[in-house]
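Remarks on the structure that follows.
Here, each number is a calculation from the coordinates, and none is a lab measurement. Computed from a prediction, not measured in an experiment: that's the story for all the values here. As a convention, Cβ positions derive from the backbone with ideal geometry for all residues, glycine included, and neighbour counts pool all protein chains shown.
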Amino acid sequence: MAALPLFSMGLASAPAQAQPYSASDYAPVIRGFNVDEVRRLRPGTELNFSLFGTPGGRATLYIAGANRNLTLSETDPGQYEGSYTLGTRDRVTGDSAVTANLRVGNRVTSGVLSESLLRGVGYHGGQREARQRDRDSAIAPRIDSFDVQGDDELRPGNELVFRVAGTPGAKVDMAISGAKGVFFLPETEPGKYSGTYTIRRADRISSNSVVTANLRLGSRVAMATLGKPLRIAAASEGATRVVRYCTNCATIDAINVVEVNGDGNYLGTIGGGVVGALLGSQVGGGNGRTAAQIAGAVGGAYVGRNIERNAKRTQHYEVVIRFANGGTQTVTYENDPGFRVGEKVKVNNGVLARDQ
């Protein structure tokens, strides 16, 4: 795994007139720099680099002994990747320095890969300044604590906040099993280092992923392994679990169509009776006509009342929902609500909505 010194982020000088801030108003920062180490350096070997930092920039690598430079592509916001294939004219060795430049607007930050390109070599202390610091100082770096503020769901876009306490004035990098690259924790206070890692789509991080932190002082390194899970829920598996359920969640138990007949009033009855009597008066004569009039009036009144009742007939929909605790509730709709039996819903103030 590769690491390089941390570069802090600073504000640009304020413009003469108040203007909205943009990415170019801030100095870019490199948060991680990694190379997939190889067994041998020979023509045809591919060196795969990853750089993590300020998004929207242009990342370029300069490899000592190489005949050309490498421009990395931004595959995700703030993540730059690229491959360099060694040629017959390249003179790249395991100790070749690799310098990264990240340009955003007209601002540039740089960093040097601290790891060897060859697998198994690890951190090479060939830098004269590092050796001098080791000779001039008898301080051995140490990590006093390594902690994380986990997340209840390890999904892309969620954040993990890491904190390291130890020797001040050092450089701290960390690596997460299942995530590609080495990431840096800036020193927020003397001896206190903190940083946020945002889970990416390509990560395969689990609650028990191994997380290691390296605190570097010159060429000396102190290492610590995180002793707690990354997922908050996993940290309390042995504790009493509090069961939470949705109090307004329910399931459609039945949908009933209810028809309601309207009541015919006296106007329909009288109107029907009058029509029936007039029709009856056209039948026979004498007592026969009178009887027909009476029968027509009675029958017409009955028919008239039914006609008016049918005209006032209405229907509505009753949706019966059942809650998790077994309770039921009926919600009435004038029109077809569009739900189906068995569908999951939520009820708020007597209104049903599909449970997404």
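Please compute the modelled spin-label separation between Val161 and Lys228, points set 7 Å along Cα→Cβ, answer in nm with one decimal.
The modelled label-to-label distance comes out at 1.2 nm.
Provide the FRET efficiency to the nearest 0.05 for the Val351-Arg204 pair, computing r from the beta carbons and using R0 = 51 Å.
0.75
In the structure displayed, which of Lys180/Lys344; Lys171/Lys228; Lys228/Lys346 lie more than 29 Å apart, Cα to Cα?
Lys180/Lys344; Lys228/Lys346
Arrange the peptides 89-100, 344-355 so that the one whose residues have, on average, the most other Cβ atoms within 10 Å appears first.
Highest to lowest by the protection proxy: 89-100, 344-355.
Around Gly191, with a cut-off of 11 angstrom between Cβ atoms, what is the net charge of the other residues, counting Lys and Arg +1 and Asp and Glu -1?
Spelling it out: positives minus negatives among the neighbours equals -1.
What full-extension length gain, to one decimal in nm, is calculated for Asp95 and Asp144 as 0.36 nm per residue of separation minus the Cα-Cα distance?
Length gained, Asp95 through Asp144: 14.5 nm.
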